[in-house]
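Following: one structure in structure tokens, then a few remarks.
Just so you know, all these numbers are worked out from the coordinates, no wet-lab data involved. Please read these numbers as outputs of a predicted model, since none were measured by experiment. Every residue, glycine among them, receives a Cβ derived from its backbone with ideal geometry; neighbour counts consider all protein chains shown.
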Amino acid sequence: MSAIGHRSTAEFLATSGEEIDARRIEFVAAHGMEVSPEAAQRNSGREHGRWYGGMPPLSQVTAGGDRIVAGGREWQVIETSGHCRGHLCLYDAAATILISGDQVLPTISPNVSVLASRPDADPLGEFLESLARLERCDPGTLVLPSHGRPFRGLHRRIEVLRSHHLQQLDTLRAALRTPAAAHSLVAVMFGRPLRGFHRFLALGETVAHLNHLWHRGEVERRVGPDGRITFAAA
């Protein structure tokens, strides 16, 4: 496990459900989405206290560039981010096999979201940088993902994922000729309103794209006296 993965998991599991709910409500409200405490509680995963019995220590930190031997193979560790900080992929260069985890999936794009715990972060930038690292794998690599069936065509799939996010950025650039809150741009990004837990994922991903443009200096992020955040073309 990576150091970041271990630390962030421990911090989440040590945080009370009430605090998780409060952070989420404050975060989504700042971006223009009103939710009830009941709705936040239903979608927070706060029941972890019922099964969590303590975080084991990390006896050996694994990081990008390391090599480990398992299953009779030597695996190169490729640390990625964007979907999840400290996410580790394993690549067997001799057999051209990649265990991609959640980073590259065959039919869907992994969720890339800004979280309440890191509201100013640029996870989309981290995700795009991680895709570039995975492009160093052999073009004929067999990919073993966490969701969906194994597939080949890693480079083609990476290009599809990259193009998808670049298109979403173009969509937001056009929409931000008028200042807007992230919640009002969810339908622009996804083409429809979303319900349940999916609306939280959609808002987080919309903010990820807006934050990426903000970090690049392409849009301004304005925080009002009430804490509400809007974005506008720079």
Fully extended, how many nm does the chain gain between residue 228 and residue 167 (0.36 nm per residue separation, minus their Cα-Cα distance)? 19.3 nm
So the label point goes 7 Å from the Cα of residue 156 along Cα→C-beta, right? Which residues of the range 110-124 then have their backbone N under 20 Å from it? 110
222 nm [θ] for the chain, helices only, -39500 (n - 2.57) per DSSP H run of 4+, per residue, to 500? -12500 deg cm²/dmol
What Kirkwood radius, in Å to one decimal, follows from the Cα pairs of the chain? 19.2 Å
Give me the one-decimal nm value for the distance between modelled label points at residue 190 and residue 108, 7 Å along each residue's Cα-to-Cβ direction. 1.1 nm
Radius 11 Å from Cβ of residue 92, net charge of other residues (Lys, Arg +1; Asp, Glu -1): 0
Which ordering of 78, 229, 68, 4 is given by a fewest-first count of other beta-carbon atoms within 10 Å? 68, 4, 229, 78
To make sure I understand, if each residue's beta carbon is the centre and we count other beta carbons within 10 Å, what order do 35, 69, 186, 160 fall in, fewest to most? 69, 160, 35, 186
Can you tell me how much longer the chain between residue 120 and residue 177 gets when fully stretched, taken as 0.36 nm per residue apart minus their C-alpha distance, in nm with one decimal? 18.3 nm
